[in-house]
Amino acid sequence: MMERPTPIVDASASPQAKIRPVPIGAVRLEDGFWAPRQKTLRERTLPTQYKLCEETGRISNFRRASGKEAGDFQGFFFNDSDVYKWVEAVAFSLADGPDDELRGLVEHVVDEIAAAQDKDGYIDTYFTHDRKGDRWTNLQEMHELYCQGHLIQAAVALYRSTGGRKLLDVACRAAENIANIFGHGKHMGTPGHPEIEMALVELYRTTGKRSYLQTAKALLDNRGRGVIGGSQNLIDHKQFRELEDIVGHAVRSLYLNCGATDIYMETGEKALWDALERLWHSLTERRMYVTGGAGARYDGEAFGTDFELPNMMAYAETCAAIANIMWNWRMFLATGETKYIDILELALYNGALSGISLDGEHYFYVNPLANRGDHGRQEWFPCACCPPNMARLLASLQGYMYGISEDDIWVNLYAQSRAKIRLAETDISIEQRTDYPWRGEVEFLIESEAKAEFGLNLRVPSWCEDAEVKLNGQFIDTSIGSNRFITVKHAWSLDKVLLSLHMPAGMIESNPLVGEDLGRIAISRGPLIYCLEQVDNSGFDIWDLVIPADASMTAEWEANLLNGVMVIRGEGLVVDSNWSDKMLYRPLLGSTGRNVRFAAIPYYAWANRDSGSMAIWIRSTPSKKVSPSNV
C-alpha cells in the first residue's frame, strides 16, 4: 500500500488546514459494502464508461481537434469534461492498486488529449478549427474554464497515482494560458460554471507555482461584478464574500464553495471563511434534503427558497450530492470538526450512492424522494456529467476515511479495512474489523513500529445517541464533546480498541416549514436513509400507508436481497384511498383503516428491480392522543 501519495485534496502544507489527508493508497478496503463496489467499478463501470465515451464521440472529439480525424464535433460543447472525469476516476483506482488494462486505456486517452492541445496551451475540442475565433467570448455559457478545470484535476490525480507527467504537463500549459489571460490584474472574467478554482489551487499545491493560486482567487473575486450577466443562478448576483444564502444552480454553487474553501486554506482570509460558514448553515439547516441531496428545482437545476424541498419533483442531481461531499471534506480539513463529516457521510451513503445501480452500469441524473414508478436509471445521458463523477467518487473513497494532525489520527468513516499511516516519523498500522453500515461495532487493531503516544479520535456520528469504547478490553471514558470525537490517548504498541455505536432503527421528522413533509416521518438506521418500494409491499399502495410515531420496528438482514441489505420491518395502518383518477375533490368520507406489515430498504438501493412507487416520507400519526385537559 501507499506506493505513491495520492490524496483527494492535498492540504498537507496548507497554512489554514488543521487536518492533513491520508492518501488513497494508504488504505485498503476489505469490507462487504464498498470493496465489492470498487471491484465492480474496475471491472465494469470504468471499461463501459470508456466504451461509451468512444461510442458517443467524446474521445473522437480530441482526434478531430488534433487533425487525426475529420468530421463534426459530437455532443454537448462541454463533453471534454466527461473524458477528464473518467481519467481522474481511473487515476484514483490505480492509486488503490495496479491494473494493466485500465493503465493502458488511460495512457491511450492521455495521448489523444495531449495531441489536441494548441501551442499556446489552450485546449477545448469544441473551440477548434472554424470556432477558434470564439474562444473566451462567452464565459457565461460555454464552459471552457469548467472543462479545463476537470483536465487539471485529472492530470494532478494521474501524476500522483502513477508518476506520469504527460497529462500534468498538458495541464500546466493550459493553466499558464488561463493565468496569462485571467490572472491577477488581467482580464475581468469568471466562469459560468465554477470548477476551475479548486483545480488551480490543487495545481498550485502540486507545483508550488503561486500564479495558479492567484488566478483562482482572481476568478473568485470577479464573481458578482456582473461580468457574466449578474445571474443568481450563476451565483453572479453578489460578490462571494457578501453571500448570505446558498442559491443558484446547485452543482455550480457547491463547486464554487469547494474552490473558496481551498483558497481559504491557503490564504486564511476571514471574510471568505465567514461566507463559507453562512452558506453551510443555509444549506444544512434550510435547503438540503434528508438524503444529503441538494437542488430543489428542475428550473435551473437550482436551490429553492428556505424549506422548499419537494419530494416527487426533487431535482437533487447526483453531481450535487457528490459536490456536497467534496465541499464538506474541505471544510473538515480546514477545521477538524465532525459536523462536516456527518454531512459527507449522509450524502455519500444516500444522495450520491443512489445515483448508480448495483450492477455499476446504470445511473440516475436526478434523485427524487418519491416516485410513482416512472423514474429509472439509464446507461448514459446526452449530458453525462453524473456517471464519470460517480466513478471518481467511488474510486477515491479510501481518501476520506482518515485524517492526521500533529499528534492525532482522526477516524472519519468506518469500514473493514487496513491502513498504514505515517505519524510523526512513525508508521502506524490500523486494521478495522466491522460490518458497518449494517452494524455499529468497530474493532481496531493498532500496531506501531515503535511505541508512540498519540490520540486516536473516533467519530461519533450525529445519528448515534450512545457510544462505548474499550481499550484492550477495559471500558474508558466516552465523554462526547461538542465536536463528537472520542479521543483515546495512549502509548500505542500493539493494542485493540472496540467502538460500539448504538444503531437502532429510528424515525426522523422535518421542520414543519417543509410543507410536503408535514405530518410525515422518514426511517433511518445508522448512516442510511430508508424508503418504501412497492415491490416489497404487496396488498396496499405505499402512498396510502400511515406509520404511527410509536410504531415498533425491527431490522432484519436479507443476504439475498439487493446484494445484501438490512431491511426494516414494522406495522402500519393503510387507509385505502379508493379515488378515481377523474375525481379531484369530494366531500369528506368516513374511512376505516386496516393493519399491514411494511418493509423498508435503504434509499440507495431503490429502482434496481421492478418499477413501482417509492417514498421516503410516509404519513404518520402522533404517539399520544391530545386529552381534553390539554386543549
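The values are calculated or read from the model by the stated rules, or taken from the named source; none is laboratory data. The model shown is predicted, which means the values in this text are computed figures rather than measured ones. All Cβ positions, glycine included, derive from the backbone under ideal geometry; neighbour counts span all protein chains shown.
Among the candidates G355, G440, which residue alone is among the small types (G, A, S) and either touching a residue at least 60 places away in the same chain (Cβ under 8 Å) or touching a Pro at 6+ places or on another chain (Cβ under 6 Å) (or both)? Even if it seems obvious, please write down each step before you answer.
Details: G355 fails: either touching a residue at least 60 places away in the same chain (Cβ under 8 Å) or touching a Pro at 6+ places or on another chain (Cβ under 6 Å) (or both).
Of G355, G440, the one residue that is among the small types (G, A, S) and either touching a residue at least 60 places away in the same chain (Cβ under 8 Å) or touching a Pro at 6+ places or on another chain (Cβ under 6 Å) (or both) is G440.
For residues in the range 396-406 being part of a loop (DSSP other than H, G, I, E, B) and more than 18 Å from E443 (Cα to Cα), which is modelled with the highest pLDDT?
The selected residue is S396.
Consider D72 carefully, then state whether it is assigned by TED's automatic domain parsing to the domain that holds L151 and either of a type in the set (F, W, Y) or touching a residue at least 24 places away in the same chain (Cβ under 8 Å) (or both).
Considered against the rule, which asks whether it is assigned by TED's automatic domain parsing to the domain that holds L151 and either of a type in the set (F, W, Y) or touching a residue at least 24 places away in the same chain (Cβ under 8 Å) (or both), D72 comes out as no.
Of the conditions (1) crowded, with 16+ Cβ neighbours inside 10 Å; (2) within 24 Å of R372 (Cβ to Cβ); (3) of a type outside the set (D, E), A505 fails just one. Which one is it?
Failing condition for A505: (2).
Output the number of residues of the range 180-201 satisfying the condition of being buried (at least 18 other Cβ atoms within 10 Å of the Cβ) and over 27 Å from C319 (Cβ atoms).
The number of residues fulfilling the criteria is 1.
Name the helices (runs of 4 or more DSSP H) wholly inside the range 1-109 in which the number of residues that are of a type outside the set (D, E) and touching a Lys or Arg at 6+ places or on another chain (Cβ under 6 Å) is 3 or more. Explain how you work it out, then say what you get.
On the way: elements: 34-40, 46-55, 60-66, 80-96.
Per the criteria, 80-96.
Can you name the condition, by its number, that D536 falls short on among (1) under 24 Å from the mean Cα position of the chain (by Cα); (2) under 23 Å from W606 (Cα atoms)?
(1)
Check A391, A419, A415 and return the single one that is in the same structural domain as G149 (by TED's automatic domain parsing) and either within 23 Å of the chain's Cα centre (by Cα) or free of Cβ contacts under 8 Å to residues at least 24 places away in the same chain (or both). Steps first, please.
Numbers: A419 fails: in the same structural domain as G149 (by TED's automatic domain parsing); A415 fails: in the same structural domain as G149 (by TED's automatic domain parsing).
Among A391, A419, A415, only A391 is in the same structural domain as G149 (by TED's automatic domain parsing) and either within 23 Å of the chain's Cα centre (by Cα) or free of Cβ contacts under 8 Å to residues at least 24 places away in the same chain (or both).
Residue-wise test of (1) over 26 Å from N389 (Cα atoms); (2) surrounded by fewer than 24 Cβ atoms within 10 Å (Cβ to Cβ); (3) of a type in the set (S, T, N, Q).
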| site | (1), (2), (3) |
| --- | --- |
| G230 | yes, yes, no |
| E244 | yes, yes, no |
| V247 | no, yes, no |
| L254 | no, no, no |
| A275 | yes, yes, no |
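Could you check, for the range 531-542, whether at least one of its residues is farther than 24 Å from R37 by Cβ, of a type in the set (D, E), touching a residue at least 24 places away in the same chain (Cβ under 8 Å) and out of contact with any Lys or Arg (no Cβ under 9 Å at 6 or more places or on another chain)?
Yes, there is a match, as at least one residue in the range 531-542 is farther than 24 Å from R37 by Cβ, of a type in the set (D, E), touching a residue at least 24 places away in the same chain (Cβ under 8 Å) and out of contact with any Lys or Arg (no Cβ under 9 Å at 6 or more places or on another chain).
Yes or no: I409 part of a helix (DSSP H, G or I) and free of Cβ contacts under 8 Å to residues at least 60 places away in the same chain? Step through it out loud before you land on a result.
Details: part of a helix (DSSP H, G or I): no; free of Cβ contacts under 8 Å to residues at least 60 places away in the same chain: yes.
Considered against the rule, which asks whether it is part of a helix (DSSP H, G or I) and free of Cβ contacts under 8 Å to residues at least 60 places away in the same chain, I409 comes out as no.
Which residue is modelled with the lowest pLDDT, if the candidates are limited to the range 576-613 and must be assigned to a strand (DSSP E or B) and of a type in the set (D, E, K, R)? Before the answer, list the steps.
The initial filter retains those residues of the range 576-613 that are assigned to a strand (DSSP E or B), namely 594-602.
Adding the requirement that they be of a type in the set (D, E, K, R) leaves 594, 597.
Details: R594: 92, R597: 97.
The extreme case among them is R594.
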